[in-house]
């Protein structure tokens, strides 16, 4: 009885595997694809990556990432392709460029300015 | 009172103005990347004939209104009567992209509601849709005679949009070449 139950429970463990719908890619491609997928924003549900999203468009984008990896494309090529269609928005990490300079350099600049101000303000007192 | 006393207030005001400008922007609205860019190359079958493959040459030589739709798309039905009216006008072709649909479902939907398109491209796996930056159906693009995308509208078209934006743009594109 116990052995039977155990067999049944072990059989249950294989169910999640059956639930995967795109098993025909090699593990290396799958790992790479997930890494790339996490860097791409789902354009439908905008606060999720395409790996996290259940939107049909995200599913198609996930497939495209895998197809392109299988075809030998690099991560940079895939990112460039997605960016061509959807712009910087599709990248979850904003690129360092003109319109994001304030975002990237603002906080450290503010910190330095405040530190300098703090240091030079205290000097006359000592 | 010195000028110095007003500095915190000044910073506060600048901050408020920056935030107020931020509030007027809709972060859900994505700018289209492909305005004034060539319509991407593609090769897809048509919805009504699996064996007929169309490509980007379809969009050269005449002005095209390209409309992304699907039988599953609930708001597509609202713009459909407007598309049927547009079909009666001349000076441009109407191209449909049947997006993420089953072939028979797409065909049935057009049979039931009327087919305003001269050609319908079948795109079940978003291949063309992702290339042109589709976010959600319906979406409408205007492509000029040289195959450049000149306009994009996201959401269901309304008579106001067609009369105020689309038809004047088509008239302007006719003057261009």
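Size check on segment B:87-175: the Cα extents along the three principal axes, sorted descending, read 39, 28, 23 Å.
On the basis of the beta-carbon distance and an R0 of 45 Å, residue A:119 and residue B:165 show a calculated FRET efficiency of 0.20. Report the residue, chosen from A:60, A:88, A:24, that carries the largest GNM mean-square fluctuation when chain A is represented by alpha-carbon nodes joined by springs under 10 Å. Most flexible of the set in this elastic network: A:24. Starting from one equal scatterer on each C-alpha and no solvent at all, send me the Debye-based log10 I(q)/I(0) for the protein assembly as shown at q = 0.13 Å⁻¹, two decimals. So the normalised log intensities are -1.01. From its DSSP helices (H runs of at least four residues, each -39,500 (n - 2.57)), chain B gives a residue-normalised ellipticity at 222 nm of -9500 deg cm²/dmol. Counting only alpha carbon atoms, the long axis of helix B:7-23 and the longest principal axis of chain B meet at about 10°. Computed over the Cα atoms of segment B:25-127, the ratio of the radius of gyration to the Kirkwood radius (Rg/Rh) comes to 0.96.
The distance from the alpha carbon centre of segment B:91-163 to that of segment A:47-126 is 32 Å, rounded to a whole number. Compute the angle between helix B:167-176 and the longest alpha-carbon principal axis of chain B, please, reported from 0 to 90 degrees and rounded to the nearest 10. It is inclined by approximately 80 degrees.
Only Cα pairs under 8 Å and 6+ residues apart enter the sum, and on that basis the relative contact order of chain A stands at 18 percent. Helix A:75-86 versus the longest principal axis of chain A: what is the Cα-based angle in degrees, 0 to 90, to the nearest 10? Between the helix axis and the principal axis of chain A, the angle is about 80 degrees. Between B:136, B:91, B:155, the Gaussian network model of chain B with springs among Cα atoms under 10 angstrom shows the greatest mean-square fluctuation at B:91.
How would you rank B:146, B:74, B:140, going from fewest to most other Cβ atoms within 10 Å of each one's own Cβ?
Working: B:146 14, B:74 9, B:140 22.
So the ranking, lowest neighbour count to highest, is B:74, B:146, B:140.
Every Cα-Cα pair in chain A was counted, and those over 27 Å apart are 47% of them. For chain B, count the residues as N, evaluate 2.2 N^0.38 Å, and divide the Cα radius of gyration by that value, please. Dividing the Cα Rg of chain B by 2.2 N^0.38 Å gives 1.34.
Throughout, read-outs are computed from the coordinates displayed, never taken from laboratory work. This is a predicted model, so every value here is computed, not measured. Here Cβ is always computed from backbone atoms with ideal geometry, including for glycine, and neighbour counts include all displayed protein chains.
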